[in-house]
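To start, the structure itself, in structure tokens.
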Amino acid sequence: MARKVAAFSEVTYDRTRDVIQLSFGTIQLRIPRAAISELRALTTIDLGRLEVGNAGLTISQRDRDIDISVAGLIADCFGKLAAAESGRAGGRKKSPKKTAAARRNGALGGRPRAD
């Protein structure tokens, strides 16, 4: 089965809030311009010329030769949170190896002390 990739349909610059707004149908994501290093030095005119590129997978500014992967952008902005959640979920996962290790440690009086 082919993996679906989220693509966005519109990108706009909100000058009053200084944010880039991405629209995915009815879902809107606002990212502060300061969080996107490629856009920090652009003028408001350049920011007004941002457009959707590569079938909704990039933010593009043709005059400045800028293409930003939306997947990479979201990973940069939310990566730490996503990584923490992934680790938390992995710690809750049960496997035969984890069960056996817990039993061995329990038979020895609990978890080994760190030296």
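Just the residues that are assigned to a loop (DSSP other than H, G, I, E, B) and under 13 Å from GLU10 (Cβ atoms), please, taken from region 21-60.
Within region 21-60, the first condition is being assigned to a loop (DSSP other than H, G, I, E, B), and the residues that meet it are 25-26, 36, 40-43, 49-50, 57.
Across region 21-60, the qualifying residues are GLY25, THR26, LEU50.
In this entry, THR12 is excluded by the filter for residues that are modelled with pLDDT of 90 or more and over 21 Å from the mean Cα position of the chain (by Cα).
In region 80-98, the qualifying residues are those that are modelled with pLDDT of 70 or more and not charged (D, E, K, R), and the one that is nearest to the chain's Cα centre (by Cα) is SER95. The residues in region 21-38 that are among the small types (Gly, Ala, Ser) and in contact (Cβ under 8 Å) with a residue 40 or more places away in the chain can be counted, and the count is 1. Within region 20-59, the only residue that satisfies the criterion of being surrounded by 18 or more Cβ atoms within 10 Å (Cβ to Cβ) and of a type in the set (Ser, Thr, Tyr) is THR58. Please determine whether any residue of region 61-73 is exposed (fewer than 14 other Cβ atoms within 10 Å of the Cβ), modelled with pLDDT under 85 and not in a loop (DSSP other than H, G, I, E, B). Looking through region 61-73, at least one residue is exposed (fewer than 14 other Cβ atoms within 10 Å of the Cβ), modelled with pLDDT under 85 and not in a loop (DSSP other than H, G, I, E, B).
Looking at the structure I just gave you, is VAL5 β-branched (Val, Ile, Thr) and at pLDDT below 90? When the stated conditions are applied, VAL5 passes them.
The values are calculated or read from the model by the stated rules, or taken from the named source; none is laboratory data. None of these values were measured; they are calculated from a predicted model. As a convention, Cβ positions derive from the backbone with ideal geometry for all residues, glycine included, and neighbour counts pool all protein chains shown.
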